Amino acid sequence: MRDTVALIPDRQWGALRVFWLGLIASAMMLMMALQAQAQGRPDSFADLADQISPSVVNITTSTTVAARTGPDPIIPEGSPFEEFFREFQDRNRTPDGRGDRPRRSSALGSGFVISEDGYIVTNNHVIESADEINIEFFSGETLAATVVGTDPNTDIALLKVESEIPLPFVRFGDSDAARVGDWVIAMGNPLGQGFSVSAGIVSARGRALAGSYDDYIQTDAAINRGNSGGPLFNLQGEVVGVNTAILSPTGGSIGIGFSMASNVVTRVVNQLQEFGETRRGWLGVRIQDVTDDLAEAMGLEEAAGALVSDVPEGPGKEAGILQGDVILSFDGTDVADTRALVRQVGNTEVGKAVRVTVWREGETETLLVTLGRREDAESVRPAAQTIEPEEPEAPAEMMGLTLSPLTDELRSELAVPAGENGLVVVEVDNASEAFDKGLRAGDLITEAGWQQVEAASDLTDRIEEAREAGRTSLLLVVRRGDDKRFVALSLE
């Protein structure tokens with residue numbers, strides 16, 4: 001009995017201790033949750049808006065539209081609109097009566113100041129072709145701006161205004177640190193309504209629309225026409241994106257907006273500020289993604305890297321890169337796909353010697369490439385070349401393709417340069433694998449199984465060799481216009 005009586009207080013104390021410990025833990029968890037909620041979602045964005053608003057600007061552009069020349073539209077005599085149209089035409093006529101008067105067209109956009117001496121960032125499409133650019137500040141002051149430089153590839157433009165006093169400005173943040181779910185606010189001039197703020201979150205990262213250097217932050221913060229060129233801020237008041245585009249069936253915000261990532265913008269702005277133009281690295285190769293069927297046809301363990309489909313004259317060719325190489329790493333960074341490689345090369349300074357690791361015939365090889373400048377390469381056009389005559393052969397059918405040797409007539413029609421030979425795709429069976437993988441009439445098959453083909457018998461030999469080697473597909477090199485790519489077709 002004594003033992004039993006002695007145990008009762010201990011049990012009560014133990015239960016009481018567990019209760020209080022649980023209560024304290026719950027309170028601490030609640031406090032942490034409230035603190036996290038307060039940090040992640042402020043009660044108001046007003047303080048932040050007050051801080052950054054003076055650096056955000058409205059942009060108004062004016063463009064002269066050329067006068068229309070030519071005959072007037074025919075208006076049926078006696079039409080009820082005849083008098084109206086005549087009056088309208090007379091009012092807009094030039095003094096000599098030969099055409100319409102030139103007229104002015106205006107457009108609106110947004111931007112933001114990045115330095116106290118008056119540098120302003122906006123979208124290229126906001127100021128493109130503008131004769132006059134006026135900047136309206138939050139204070140109501142208006143200043144004229146000049147264009148320092150533009151980059152259509154990222155749709156970024158850098159402007160400059162002259163001010164007698166230092167201007168309030170904002171700094172760029174690290175867009176790579178932005179996480180899906182982070183709060184962001186967009187500022188600008190939506191639909192010409194003046195300074196406006198909208199809030200949302202980062203909906204997605206790394207979005208691509210149409211450009212080679214695209215790296216967009218997707219957000220559900222309201223972005224409308226007129227917001228173009230405006231900043232996307234994080235909660236620290238740093239610019240993490242430049243509002244550029246919306247996805248909408250109506251032209252209005254439906255919660256899918258895109259801002260060019262600040263880490264892309266800063267590189268462009270720095271070059272525009274220093275040179276007045278962009279200077280991107282150029283490797284000098286044409287590339288395509290490594291798909292699963294291409295990896296199997298080439299004996300690769302995984303579909304990764306960038307497959308070199310062509311090597312024109314340039315840094316890559318000089319360094320020894322070959323058609324059919326798979327670029328696995330560039331300047332010490334693994335290459336995920338073609339888009340990643342284009343961005344890596346473009347972000348590297350012109351003239352830098354970089355190490356490029358390629359997979360070639362089952363082994364890796366590292367090459368040293370001195371990068372050229374992409375803008376210079378894009379301005380060069382190949383000269384016309386002499387066409388050499390070829391002996392005609394009868395068309396042949398295989399793998400869902402009707403193939404013809406490259407005759408003089410076809411070479412001229414397809415603009416195939418001298419020295420390039422192959423089999424012309426005359427027709428493609430719509431139900432074939434070749435059609436599904438994009439082959440079309442007019443394509444030129446230059447290689448099969450890593451060997452050149454000029455006659456149907458060459459392709460037949462490559463098919464038999466692949467089957468004897470135990471391959472289930474055959475790798476083709478297909479030329480269309482100036483572009484080459486690899487296509488793997490099944491041998492079954």
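The values are calculated or read from the model by the stated rules, or taken from the named source; none is laboratory data. These numbers were taken from a predicted model, which means no experiment stands behind them. Note: ideal-geometry Cβ built from the backbone for every residue, glycine included; neighbour counts use all protein chains shown.
Can residue 141 be described as surrounded by fewer than 17 Cβ atoms within 10 Å (Cβ to Cβ) and in contact (Cβ under 8 Å) with a residue 24 or more places away in the chain? Considered against the rule, which asks whether it is surrounded by fewer than 17 Cβ atoms within 10 Å (Cβ to Cβ) and in contact (Cβ under 8 Å) with a residue 24 or more places away in the chain, residue 141 comes out as no. Just one of the listed residues (479, 462, 471) is under 24 Å from residue 299 (Cα atoms) and touching a helix residue (DSSP H, G or I) at 6+ places or on another chain (Cβ under 8 Å), namely 471.
Cβ-Cβ distances below 7 Å connect no pair with a first residue in region 256-267 that is outside the structural domain of residue 234 (by TED's automatic domain parsing) and modelled with pLDDT of 95 or more, a second residue that is charged (D, E, K, R) and buried (at least 19 other Cβ atoms within 10 Å of the Cβ), and a separation of six or more residues or different chains. Summed over region 436-452, residues that are hydrophobic (A, V, I, L, M, F, W, C) and outside any loop (DSSP other than H, G, I, E, B) total 3.
Here region 426-446 is the region considered, the condition is being in contact with a helix residue (DSSP H, G or I) (Cβ under 8 Å, 6 or more places away or on another chain) and closer than 14 Å to residue 404 by Cβ, and the residue that is surrounded by the most Cβ atoms within 10 Å (Cβ to Cβ) is 445. Here region 111-130 is the region considered, the condition is being farther than 18 Å from residue 192 by Cβ and of a type in the set (Gly, Ala, Ser), and the residue that is surrounded by the fewest Cβ atoms within 10 Å (Cβ to Cβ) is 129. For residue 232, the test of being surrounded by 24 or more Cβ atoms within 10 Å (Cβ to Cβ), touching a strand residue (DSSP E or B) at 6+ places or on another chain (Cβ under 6 Å) and within 19 Å of residue 109 (Cβ to Cβ) is passed. When we screen 358, 345 for residues that are buried (at least 19 other Cβ atoms within 10 Å of the Cβ), under 17 Å from residue 153 (Cβ atoms) and modelled with pLDDT of 90 or more, the only hit is 345.
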